[in-house]
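The values are calculated or read from the model by the stated rules, or taken from the named source; none is laboratory data. These numbers were taken from a predicted model, which means no experiment stands behind them. Neighbour counts are summed over all protein chains in view; Cβ atoms, including those assigned to glycine, are modelled from backbone coordinates with ideal geometry.
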Amino acid sequence: MTVDALTGAVYPVIIEAVEKAIMPRFQTLTAGQIIDKGGNELVTVADREAELILAEGLAKILPEATIVGEEAASADPSLLDRLGDDLCWIIDPVDGTNNFAAGKGPFGVLVALSEGGETVAGWIYDPLTGRFCHALKDGGAFLMGEPLRAQTSGQSPPVAAISLVFMDPDRRAAMKAHIAPHYQLVDIPRCAAEQYPRIAMGINDLSIFERTLAWDHAAGVLFVNEAGGKVARPDGRPYRVDEAHLPGLIGAASPALFDELAGRLAAL
C-alpha cells in the first residue's frame, strides 16, 4: 500500500470513531461512564468504544500488524512487549481524556504505525476543530493535507510549555527555577494531540515531557520532526516506541532551540 493510500484509508477510520463513539459522548457523560484508573488518569466509555472502532478498522488496512491501544494495554500490560514488532498500530482513542471527561477541549485522536519500534506514520485529529495532521517518515508533515514546515513563535524569550504532572515535586520545583529566567513558561494542555501541533505551528517554541508513553507521543514526535523541528530524548537520542517506558522528551520548533534547552537541562 502506498503512503497516500495508507493515509486515505486511516482517515475515514478516525472519523468513524469520532462520529460514532466520541462526539456523541462529549458533554453528555454520566458519572458512571467515567472511571478513575489511578495515577491521575481517567477512562470513559468513549475511550473504550472508540478504541474498538479504531482497532477494527486499522486491522482491515494492515491485517499483519499488531495493534496496541491505550485501553487494551491498560487491561493487558503484556501488549507493551509488542511495540517492537515488525508492524504495529498504536492507538490513543481519546488523548486528553481528563479534558474530555470535564466537557472541555482540547482532546484528540492519535494513531501511529511503527516498524520495529520506529514510528513511520502518524495521524492527529482534533474533533472540535476538524484539524487533521499527519506525517510520514522521510515524507514530510502535513496540516489539512498541505505540507507544513515548523516555525518558531518569534517571541523573546521563547515560549515553553512544560508537562509537570508526572514529575516528583522536588524535580518539578528545580526545573522551573532553572529554566524560568530563560523562557516564557505556559501551561500545557494535557493533550499531546494539541501540544505537538502547537510546536510545529509556532504557538509554542518548546515542550518538556516527563512521561513518554507510545500512544501519547509516537504520532506527534514524527509530526514535529518531519516538519523540521526536533523532538528527542534530552541527550539527543531519537524516540522509539519500544523504549516508551523511559522518561523525558524535549520538543522544539527548531534544532537550535532543542540544543539550547537540552544544554540547560543537562546542567540541572
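For the range 148-182, the set of residues classified as within 26 Å of ALA135 (Cβ to Cβ) and either free of Cβ contacts under 8 Å to residues at least 40 places away in the same chain or polar (S, T, N, Q) (or both) consists of GLN151, THR152, SER153, GLN155, SER163, listed by residue number. Only one of the numbered conditions (1) in contact (Cβ under 8 Å) with a residue 60 or more places away in the chain; (2) closer than 18 Å to PHE107 by Cβ; (3) touching a strand residue (DSSP E or B) at 6+ places or on another chain (Cβ under 7 Å) is not met by VAL43, and that is (1).
Applying the criterion of at least 2 residues that are surrounded by 21 or more Cβ atoms within 10 Å (Cβ to Cβ), in the same structural domain as ALA232 (by TED's automatic domain parsing) and of a type outside the set (Phe, Trp, Tyr) to the helices (runs of 4 or more DSSP H) found wholly in the range 96-213 leaves 192-200. The residue that is surrounded by the most Cβ atoms within 10 Å (Cβ to Cβ), among those in the range 230-253 that are under 24 Å from PHE132 (Cα atoms) and touching a Ser or Thr at 6+ places or on another chain (Cβ under 6 Å), is GLY251.
Pull up the range 220-238, narrow it to residues that are of a type outside the set (Phe, Trp, Tyr) and in a helix (DSSP H, G or I), then point me to the one that is nearest to the chain's Cα centre (by Cα). Ranking the candidates gives GLY220 first. The requirement of being of a type outside the set (Val, Ile, Thr), in contact with a strand residue (DSSP E or B) (Cβ under 7 Å, 6 or more places away or on another chain) and assigned to a loop (DSSP other than H, G, I, E, B) is fulfilled nowhere in the range 47-58; no residue meets it.
For the range 199-206, check the following and say yes or no: at least one residue is touching a residue at least 40 places away in the same chain (Cβ under 8 Å) and of a type in the set (S, T, N, Q). Yes: one or more hits.
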